[in-house]
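The next block holds one structure in the form of structure tokens; read it before the comments.
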Amino acid sequence: MDSILFIGTNKSGASWEAIKAAKELQFRTIVVTDKEKLAAQREEFAEIDEIKWMDLSRLDEMKKYINELKKDNYKIKGILSFIDPYVSTAAKLSEEYGISAFSTKAIEEMEDKIQTKERLKYSSIISPYDVISGNTKVSSLVDKINQSFPVIVKPSRSTGSKGVFRVDNKTDLKKKITYLQKKEPRLPVIVEPYLEGVQYVVEVIVKKKQPYILAVIHQEIRDNDPFIVTGYTTLPERHKDPAIKEVVWSVVNMFQMENGTFHIEMRHVNNEWKLIEVNPRISGGAMNRIIYHYSGVNPALETLKLYLGQDIDVAKKRESFIHTYYVTVQTAGSVLKVTGKEAALESEGVREVYIKPRKGMTIRYPSSMGHRYAYVMAAGNNIEQAKENAIVAAKKIKFHIVPL
């Protein structure tokens, strides 16, 4: 049977939606994962036909498994990933096995924040930055950094805001750089300006060098946690903004992307667009569902069709005001139960409610995007109403925990 191999998946988000889409297209779905719990829960997921636990950093083991599948007469029609940093791994394996592939070089460069900045360095969207290699003595370089505080310090490869810090003085700068060097000695550290301004994410699919903007979405960020996004609002009026289109075309041209998907996070600073980062995939979390409720387009399905060489359909069926509110917690603890989901679902305008934790799971105050434990997605007649509907419904969700 024709099969598609997925490298990594979460239990929700674009990676999971892509597996469901593959089943809709009548493919056998195979997942390789480094999550032992997920592999052990195989029977809970009807969408997955086969699951294999392995170390995803071992490319040789992955190739061995693919070769075994081929020997057993599996017709591997696709190797994909919607999970950092395996998007490029899937693209390279696709090329190696002669399967239709995305723009591998562009994907590899987008996964590395330094290569991304180098590729776009002549564009006005890039702010000045410094790179500190993993083996450099911090004290010898910090005094030479000619940037005004506050600044952002982050590893050259990170996801979900892990290891990203706002720093307000040189003493703290030394501490944060030293911390990152000890945690990931091989990864260079980036120091760049902290940008004051409204933040947006732009979701894009590219076919034959032609980009199609799927959505422009405003990101709300907690004041006391500058890198935890707690709200997403669709902005139909921004979709045709010529300045955003210009940025998107610049990314496609400078990375020479022919086929693939990416999202850009940007801030609007003093009437200019400034880049936060580019990632070679549809955003994770609720983004796939946000875009579906906003426009009727399923990005995961269209990404799969693009990869398979099929016609894609990204024409909007509607333009709805959608707000998605993420729920976090203030106290760490072990989950006893979660109540209020049904009440939230029955609230005005609510389209979806998702609860992540199971009984016994430890939850905590957020330090990365992975510490968001539920979301409520709601529609309204305008942005304000959609936001109010989502927040009112979210307040009905209660996490009952045993404090740690």
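Being among the β-branched types (Val, Ile, Thr) and in contact with a Ser or Thr (Cβ under 8 Å, 6 or more places away or on another chain) holds for only one residue in Val350, Val335, and it is Val335.
Of the residues making up the range 169-190, not a single one is closer than 23 Å to Asn271 by Cβ and surrounded by fewer than 20 Cβ atoms within 10 Å (Cβ to Cβ).
Would you check if there is a residue in the range 272-281 being at pLDDT below 95 and in contact with a Gly (Cβ under 6 Å, 6 or more places away or on another chain)? No, every residue in the range 272-281 fails to be at pLDDT below 95 and in contact with a Gly (Cβ under 6 Å, 6 or more places away or on another chain). Taken together, Asn288, Asn259, Asn298, Asn279 contain a single residue that is over 18 Å from the mean Cα position of the chain (by Cα) and not assigned by TED's automatic domain parsing to the domain that holds Lys162, which is Asn259. Residues in the range 356-404 that are surrounded by fewer than 17 Cβ atoms within 10 Å (Cβ to Cβ), modelled with pLDDT of 95 or more, assigned to a strand (DSSP E or B) and not charged (D, E, K, R): Thr362, His400, Val402. Condition check for Lys23 on (1) within 23 Å of Thr104 (Cβ to Cβ); (2) modelled with pLDDT of 95 or more: one failure, at (1).
Selection of the range 94-120 for residues being in a helix (DSSP H, G or I) and more than 28 Å from Glu192 (Cα to Cα) yields Ser94, Glu95, Glu96. Residue check, Val327 against (1) touching a residue at least 60 places away in the same chain (Cβ under 8 Å); (2) surrounded by fewer than 20 Cβ atoms within 10 Å (Cβ to Cβ); (3) closer than 22 Å to Gly285 by Cβ, all met but one. Which one? Val327 satisfies all of (1) touching a residue at least 60 places away in the same chain (Cβ under 8 Å); (2) surrounded by fewer than 20 Cβ atoms within 10 Å (Cβ to Cβ); (3) closer than 22 Å to Gly285 by Cβ except (2).
Could you go through the range 62-73 and let me know if any residue there is more than 17 Å from Ile99 (Cα to Cα) and touching a helix residue (DSSP H, G or I) at 6+ places or on another chain (Cβ under 9 Å). No - not one qualifying residue is present in the range 62-73.
The helices (runs of 4 or more DSSP H) located wholly in the range 1-93 that include 1 or more residues which are closer than 18 Å to Gly370 by Cβ and under 18 Å from the mean Cα position of the chain (by Cα) occupy 14-24. The single condition among (1) more than 24 Å from Phe149 (Cβ to Cβ); (2) surrounded by fewer than 17 Cβ atoms within 10 Å (Cβ to Cβ); (3) of a type outside the set (Phe, Trp, Tyr); (4) out of contact with any Lys or Arg (no Cβ under 9 Å at 6 or more places or on another chain) that Lys137 does not satisfy is (1). The set of residues in the range 303-324 being hydroxyl-bearing (Ser, Thr, Tyr) and either part of a loop (DSSP other than H, G, I, E, B) or without any contact (Cβ under 8 Å) to a residue 12 or more places away in the chain (or both) consists of Ser320 alone. Selection within the range 146-168: residues that are surrounded by fewer than 16 Cβ atoms within 10 Å (Cβ to Cβ) and more than 22 Å from Arg222 (Cβ to Cβ). The member of this set that is modelled with the highest pLDDT is Ser148.
Just the residues that are among the charged types (D, E, K, R) and either under 15 Å from Val327 (Cβ atoms) or not assigned by TED's automatic domain parsing to the domain that holds Gly284 (or both), please, taken from the range 354-390. Selection gives Lys356, Arg364, Arg372, Lys387.
Only residues in the range 331-348 that are within 16 Å of Tyr375 (Cβ to Cβ) count as the first member; pair them with residues that are of a type in the set (D, E, K, R) and surrounded by fewer than 15 Cβ atoms within 10 Å (Cβ to Cβ), Cβ under 6 angstrom, at least 6 apart or cross-chain, and list the lot. From the range 331-348, the pairs are Gly340/Lys398. Restricting attention to the range 71-89 and to residues that are closer than 19 Å to Ala286 by Cα and among the β-branched types (Val, Ile, Thr), the residue that is surrounded by the most Cβ atoms within 10 Å (Cβ to Cβ) turns out to be Val87.
The values are calculated or read from the model by the stated rules, or taken from the named source; none is laboratory data. Please read all numbers here as calculations on a predicted model, not as lab measurements. Cβ atoms come from the backbone with ideal geometry, glycine included; neighbour counts cover every protein chain shown.
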